[in-house]
Amino acid sequence: MKRNVRHAARAVLVVLMLACGLLSCRSIPLRELAITDIDNAEQALQQAQTAEAHVYMPEKYLEARMLLRRARSSMRTEEYSKSREFARRSREVVLQAMQQIPGEQQRVKDLAMRLLFSANEAWDSYAQGIEKEYASDELIEIRQLLDGAQEDLNTQRYMDGLKKVQKAHAKITSLPEAIERGRIVRLEQEKKRQQAQKTGAEIIAEANRTAEIIIKAANRQREQLLAETAELAAYARRVEFERMFPSTYKVKSGETLLDIARRHEIFNDKFMWPLLYKANRDQIRDPMVVFPDQTLTVPRDITYEDIIEARKMAEAPPPYDPPATAYTPAVYQRYMQILPPDPLMPEEAEQPAQESEPWLEP
C-alpha cells in the first residue's frame, strides 16, 4: 500500500514538472517575439521621422508613438500578447503614414508654389509704385521671406517654404496700413518743416487752434466718461434697489398684511397694506387673514395716486402723502416735495420698520 502511494506521488510530481516546463518554454519565445515586434515598430517610426511624417502626417505619427509607448508598457507588465498587438498596430499606422506622405508633400508644394507666385506679383506691384517709399522696411522684410521660401522649395523643405509664404502673404495684406502710416509720418514731417519756417505769431496762432481742438476733444471725452459713469452708477443703484426691495415676500407665522407692509424692505408703511391685497387677490380672500409660507407679490410699479388711495382705504391719518420709502422715482419726486425723507434706519432688519427708510433711487 505504501509503495503504491509513493508511486502515485512521483507521477504527480513528474506531471507538474512537465507542465511548468511547457509553460516556461511557451513564454520565452512569446517574449522574444514581442521584443522583435517592438524593435520593428521603433525602426519604422525612426524611418517615418526621417521622412518628416511628423510634419506632413502629424496625427498618424502621434498615434504610432502612442501605440509604441503602450507596447513598451505592456512589455514591462509581461503582457506579451498585448505588447505584440500594440507594436504591430504602431508599425501599421507608420506604414499608412509613409504611403500618404508623398501625396501630402505634393499638395503642400503645389499650395506653396501658387502662394509664392501671387505673393511675388503683389510685391512687384508695390515695389514699382510710388508707395514703396512709405513702406520700404516692410517691403525688404517681405522680399527676404519670399526668397527664403523659394530656397526651401528648391531644397524640398516644402512645409517650411509654405510657412514663410503664408507669413509673407499676411504682411502683404497689411501693407496698405503700413503705407498709410508712412504717408502720415511723411506728412507730419513736412508739416513740421513748414512750421519751422513760419513766424512766431503764426506758430502761436497755430498752437492755439490746435490746443482748442485738443480741449474740445478732451471735453467730449470727459462728457462721455461722465455719462458712462452715471450709467454705471444708475445700474448699480438699480441692482442695489432690487436686492434691498424684493418683488415677492413669503409670509411668516403670525404676520398680517399690516405687518408685511410695515417692513422696511416692503413699503415701510403699514397703511400701504391695500396695495398688497390688490396685487394678491387671487390668493387672499380676507385682507385680514394670510397664511404662513404664502408667496405674495409686492407691487413696485405704482403711482402717486395708488399710494394716496391705499392710505385712504387703510384709514391713515392725513396728510395722505407717505414718508419716503421704496417707490418708483416718479412717485418719490412728487411726494418728496411735501415730506422730506427720514434718514433713520430700523435697528434690526428682521423687525418691522417703525421709521422711514432713506430713498434709494434705482
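The values are calculated or read from the model by the stated rules, or taken from the named source; none is laboratory data. Please read these numbers as outputs of a predicted model, since none were measured by experiment. Here Cβ is always computed from backbone atoms with ideal geometry, including for glycine, and neighbour counts include all displayed protein chains.
Scanning the stretch 39-68 for residues that are among the acidic types (D, E), within 40 Å of the chain's Cα centre (by Cα) and surrounded by 13 or more Cβ atoms within 10 Å (Cβ to Cβ) turns up E52, E63.
With the structure loaded, tell me whether P322 is surrounded by fewer than 16 Cβ atoms within 10 Å (Cβ to Cβ), modelled with pLDDT under 85 and either more than 47 Å from the chain's Cα centre (by Cα) or not β-branched (V, I, T) (or both) or whether it fails that test. No, not satisfied. Annotation: of all residues in the stretch 168-182 being among the aliphatic types (A, V, I, L, M) and under 17 Å from A112 (Cα atoms), the one that is surrounded by the most Cβ atoms within 10 Å (Cβ to Cβ) is A168. Taken as a whole, the structure leaves L153 outside the set of residues that are crowded, with 16+ Cβ neighbours inside 10 Å, among the hydrophobic types (A, V, I, L, M, F, W, C) and under 36 Å from the mean Cα position of the chain (by Cα).
Here's the yes/no breakdown for (1) of a type in the set (A, V, I, L, M); (2) at pLDDT 85 or above:
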| position | (1), (2) |
| --- | --- |
| L33 | yes, yes |
| T36 | no, yes |
| D39 | no, yes |
| L45 | yes, yes |
| H54 | no, no |
| K60 | no, yes |
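Taking residues in the stretch 272-298 that are at pLDDT 90 or above, and partners anywhere that are outside any loop (DSSP other than H, G, I, E, B) and exposed (fewer than 10 other Cβ atoms within 10 Å of the Cβ), the pairs with Cβ atoms closer than 7 Å and at least 6 places apart or on different chains are T295/T248; L296/T248; T297/T248; V298/T248.
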